[in-house]
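The values are calculated or read from the model by the stated rules, or taken from the named source; none is laboratory data. Given the structure is predicted, the values throughout are model-derived calculations rather than measurements. Neighbour counts run over all protein chains shown; Cβ positions are idealised from the backbone, glycine included. Please note that ligands, DNA and RNA were not included when accessible areas were found on the heavy atoms of the full protein model with its side chains. Shrake-Rupley method; radii C 1.70, N 1.55, O 1.52, S 1.80 Å.
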Amino acid sequence: MKLTTAGESHGKALVAIIEGLPSNLKIDIAEINNYLALRQSGYGRGARQKIEKDEAEIISGVRNGLTLGSPLALIVRNKDYENWREYMAPEGADVTKKTLTKVRPGHADLTGVIKYDQTDARNILERASARETAVRVAAGTIAKQYLRVLGVEVSGYVKSVCGVKDENFYPFEQLSAAKSKPLFMLDDGLEKQAMAKIDKLKSEGDTAGGVVEIRVKGLKSGFGSCMQYSTKLDGILCGAVMGVQAIKGVEIGLGFGAADVCGSKVHDEIYMQNGNYRRKTNNAGGIEGGMSNGEEIVLRAAMKPIPTLMKGLETVDYLSGKPVTAAGERSDVAAICAAEIVVESVVAFTLAEVVSNRLGGDNMREVTERYRALR
Ligand code: EPS
């Protein structure tokens, strides 16, 4: 299975092409659109989300709700394109307007203009923008539908916002409640504190990041491999999640915390339960030796604060070389709920890729039979 995306933030549409989906997978478009709406939600989002109402349109690869085994193509149109057509159209656009040369620290702007030999950072930021994640969510929701057939569920919630941290442990079944909360946080008191923090940052023209926790339940052991570095499941998952805009850190299980305590406090002791091997704890986050071990996969990702600040940071104008205040366009104050949905989707797609690489299968009957046959 493979995903390719295309599209600029203020261009006509975002595009996703998924190759390698088996035939006869039931596609639930309502669930895809629900996840797209969730990605747009959350306390601290900016004015752009009032313009967009993301909806996926499947272009190919599905007939009457079932995949055909052919590449699945889908688009999400950018409603804001109507306001930007004049400047963004593939032909006859006025590229002298909406230029950006006051390159923003923390963005792709400066390195991108140099690398791609541009004079206008718009030619960089339009693609670097996190708007692209809309179609990764659509693809990730399809991956969830594939995994669900095998009994694998992916869920998550927001663990911290700009230093307001929820240290509680929640059973998997409680996680879905987060999606109906303003900041996807499960502790009401901490969520209120985090919202107050966002309000304060907004009034100061500043932005916030946070941490999301993603959990995967029901994946059998043995996915990923200990035989070659590039096939280790933790490496594959962390690499994919680091590829999400604004993610600066990923950990599995105890993660960085494992470095601070002795081995007997880290490694999960093994016992037998009804003929199955179990672990007394899950500090490994469901992955040992680069392979799933049958316990829940626990992954946390840290999002940096959004780099477009209303108050603007010090920078240099790319054309004049003079010191200026960075471009302060409209911006989200926090997009941590979006990050939760995106990381959840990327984890789902990456796992579906790993599962389909191991099982193969041209149709869902083959896939489910092969999965069932695993120990
Ligand atoms: C983004 C900047 C903002 C965000 C955008 C990502 O867009 P604009 O410049 O149009 O105000 O709203 O995110 C989305 C549009 C989205 O759907 O997530 C950026 O610079 O990354």
Quiz item: Rounded to a whole number, what % of the accessible area of the range 45-184 do carbon and sulfur atoms account for, probe 1.4 Å?
Solution: 52
Practice problem: Give 248/280; 217/280; 144/304; 144/179; 102/311 a once-over and call out the pairs whose C-alpha atoms are over 19 Å from each other. | Solution: 248/280; 144/304
Practice problem: With everything on Cα atoms, drop me the angle between helix 336-359 and the longest principal axis of the chain, reported from 0 to 90° to the nearest 10. | Solution: 50
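D for the range 52-149, whole µm²/s, Stokes-Einstein with Kirkwood Rh over alpha-carbon pairs at 4 °C and 1.567 mPa s: what number? Could the numbers behind the result be given before it?
Details: Rh = 16.1 Å.
D, rounded to a whole number, is 80 µm²/s.
Give me the extension gain from residue 63 to residue 358: residue separation times 0.36 nm, minus the current Cα-Cα distance, reported in nm with one decimal. Display every interim value, and only then the final one.
On the way: separation 295, 0.36 × 295 = 106.20 nm, distance 2.64 nm.
Extra length available between residue 63 and residue 358 comes to 103.6 nm.
How many Å² of accessible area per residue for the chain, probe 1.4 Å? List each step's numbers first, then the result.
Numbers: 18010 Å² over 375 residues.
Ligands and nucleic acids excluded, the result is 48 Å² per residue.
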Self-check item: Cα gyration tensor shape of the range 218-375, rounded if a/c is under 1.5, else prolate or oblate by comparing a/b with b/c
Solution: prolate
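Relative contact order of the range 138-290: what whole-number percent is it, with Cα pairs under 8 angstrom and at least 6 residues apart? Intermediate values should be presented prior to the final figure.
On the way: 158 pairs, mean separation 30.8, N = 153.
Here the relative contact order equals 20 percent.
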Quiz item: Mind ordering 129-141, 76-88, 290-302 by average Cβ neighbours within 10 Å, highest first?
Solution: 129-141, 290-302, 76-88
Quiz item: How do 10-22, 307-319 rank on mean C-beta neighbours within 10 Å, highest first?
Solution: 10-22, 307-319
Quiz item: Can you flag which of 50/115; 159/232; 79/165 are past 30 Å Cα-Cα?
Solution: 50/115; 79/165
Practice problem: Compare the peptides 210-219, 143-152 by average per-residue count of other Cβ atoms within 10 angstrom and give them in order, highest first. | Solution: 210-219, 143-152
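Where nothing but the Cβ of Lys and Arg (+1) and of Asp and Glu (-1) is charged, how large is the charge dipole of the range 176-226 around its Cα centre, in debye to the nearest 20?
Working: 9 positive and 7 negative charges, 65 e Å.
That gives the range 176-226 a dipole magnitude of about 320 debye.
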Practice problem: Return one number: the angle in degrees, 0 to 90 and rounded to the nearest 10, between the long axis of the Cα atoms of helix 133-149 and the longest principal axis of the Cα atoms of the chain. | Solution: 10
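Helix-only estimate, please: 222 nm mean residue ellipticity of the chain, summing -39500 (n - 2.57) across DSSP H runs of length 4 or more and dividing by its residues, to the nearest 500. Write out the running numbers ahead of the final one.
Working: 10 runs with 114 residues, N = 375.
Helices in the chain give a 222 nm mean residue ellipticity of -9500 deg cm²/dmol.
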Quiz item: Any idea what the alpha-carbon Rg over 2.2 N^0.38 Å comes to for the chain?
Solution: 1.03
Quiz item: Using alpha carbons only, how many degrees (0 to 90, rounded to 10) separate the axis of helix 233-242 from the longest principal axis of the chain?
Solution: 20
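How high is the relative contact order of the chain, in percent, with contacts defined as C-alpha pairs under 8 Å that are six or more residues apart?
On the way: 774 pairs, mean separation 86.5, N = 375.
Worked out over the chain, it gives 23 percent.
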